[in-house]
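Taking it in order: structure first as structure tokens, then the write-up.
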Amino acid sequence: MAERVDLRPHASHVTSPQPELAPDQQTLELEPLNVSPTGSSRFSRRSFLSGLGATGLLVGSTPQAAAAPAIAPPVEDQADAPGSATVTLRINGKSYTLRSLDTRATLLDTLRERLHLTGTKKGCDHGQCGACTVHVNDRRVNSCLSFAVMHEGDEITTIEGLGQPDQMHPVQAAFVEHDGYQCGYCTSGQIMSAVALLKEPIGPADDDIQHAMAGNICRCGAYGNIVAAVRQVRARA
């Protein structure tokens with residue numbers, strides 16, 4: 001006898017039928033943490049640490065801390081770096097405060113590079129040519145052989161403070177009159193030495209002037225004109 005098949009709808013089919021879920025989708029619905037490609041659930045190290053970090057942020061943050069603005073510390077004057085110092089130099093009647101000045105800096109380099117008083121020339125940088133001569137407390141000094149930090153409180157005079165084009169010092173005017181310069185590189189040092197020796201106890205002869213000016217070298221050889229200029233100023237003084 002042929003088997004009878006029941007074609008009537010069952011009670012479960014009366015409502016809207018739902019598609020049957022695949023095994024992996026059923027596993028995903030039951031285990032939402034992390035699913036392997038094969039459908040088995042497991043914890044991953046990345047998901048665990050991510051959740052732990054987020055929880056720590058929520059616990060450690062308070063509304064007051066989150067809303068508080070960042071306040072920068074007050075700006076204070078920076079201290080001098082090791083090997084440097086703050087020095088106040090009085091030059092040509094003016095005071096200059098130099099911060100973080102290298103304690104090894106010579107007076108010559110400080111004048112030229114920090115204060116831009118470039119009338120004082122750098123020749124040999126070994127105290128042999130006299131091009132860097134300045135006055136310290138009315139005495140001539142080779143500025144290339146002297147540290148700047150040694151002269152705090154001293155009165156320093158450079159060629160810029162000696163005279164102006166419209167009111168030259170008598171020695172400057174005498175150098176112009178007697179053509180006491182050629183290339184001009186040594187002229188500022190020559191003039192500073194000549195002004196200083198006007199107050200020094202030397203003899204009246206030209207040989208005395210040459211001896212007193214022996215520390216200033218003229219590469220152009222204008223010694224005769226330089227001596228004549230100094231002789232004239234001494235005679236008038």
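The values are calculated or read from the model by the stated rules, or taken from the named source; none is laboratory data. The shown structure was predicted, so the numbers you read here are calculated from the model rather than taken from an experiment. Cβ placement follows ideal geometry from the backbone for every residue including glycine, while neighbour counts extend to all protein chains displayed.
What the table shows:
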item	result
Single condition Gly153 does not satisfy, out of (1) modelled with pLDDT of 95 or more; (2) not assigned by TED's automatic domain parsing to the domain that holds Ile217	(1)
The range 163-178 - residue that is within 15 Å of Asn225 (Cβ to Cβ) and not hydrophobic (A, V, I, L, M, F, W, C) and, of those, surrounded by the fewest Cβ atoms within 10 Å (Cβ to Cβ)	Glu177
Selection status of Thr118, out of contact with any helix residue (DSSP H, G or I) (no Cβ under 7 Å at 6 or more places or on another chain), without any contact (Cβ under 8 Å) to a residue 12 or more places away in the chain and among the hydroxyl-bearing types (Ser, Thr, Tyr)	no
Matching residues in the range 179-195 - criterion: being of a type outside the set (S, T, N, Q) and crowded, with 20+ Cβ neighbours inside 10 Å	Gly180, Tyr181, Cys186, Gly189, Ile191, Met192, Ala194, Val195
Residues (crowded, with 16+ Cβ neighbours inside 10 Å, among the small types (Gly, Ala, Ser) and part of a loop (DSSP other than H, G, I, E, B)) located in the range 128-162	Gly130, Ala131, Ser146
Count of the range 222-237 residues which are in a loop (DSSP other than H, G, I, E, B) and buried (at least 18 other Cβ atoms within 10 Å of the Cβ)	1
Flag for Thr187 being β-branched (Val, Ile, Thr) and in contact with a Phe, Trp or Tyr (Cβ under 8 Å, 6 or more places away or on another chain)	yes
Given (1) farther than 14 Å from Thr133 by Cα; (2) surrounded by 14 or more Cβ atoms within 10 Å (Cβ to Cβ); (3) at pLDDT 95 or above, index of the condition Arg112 fails	(1)
Selection from the range 89-127 of residues that are closer than 18 Å to Gly161 by Cβ, touching a Cys at 6+ places or on another chain (Cβ under 8 Å) and part of a loop (DSSP other than H, G, I, E, B)	Thr120, Lys121
Filtered residue count, the range 72-99, keeping only those that are of a type in the set (S, T, N, Q), exposed (fewer than 15 other Cβ atoms within 10 Å of the Cβ) and modelled with pLDDT of 95 or more	4
Cβ-Cβ under 6 Å pairs, at least 6 apart or on other chains, the range 96-114 side without any contact (Cβ under 8 Å) to a residue 12 or more places away in the chain, far side part of a strand (DSSP E or B)	Thr97/Thr88
Qualifying positions in the range 163-196 - part of a loop (DSSP other than H, G, I, E, B), over 17 Å from Ala237 (Cα atoms) and of a type in the set (A, V, I, L, M, F, W, C)	Cys183, Cys186
Subset of the range 197-221 (residues that are of a type in the set (Gly, Ala, Ser), closer than 18 Å to Gln128 by Cα and either touching a His at 6+ places or on another chain (Cβ under 9 Å) or assigned to a helix (DSSP H, G or I) (or both))	Ala212
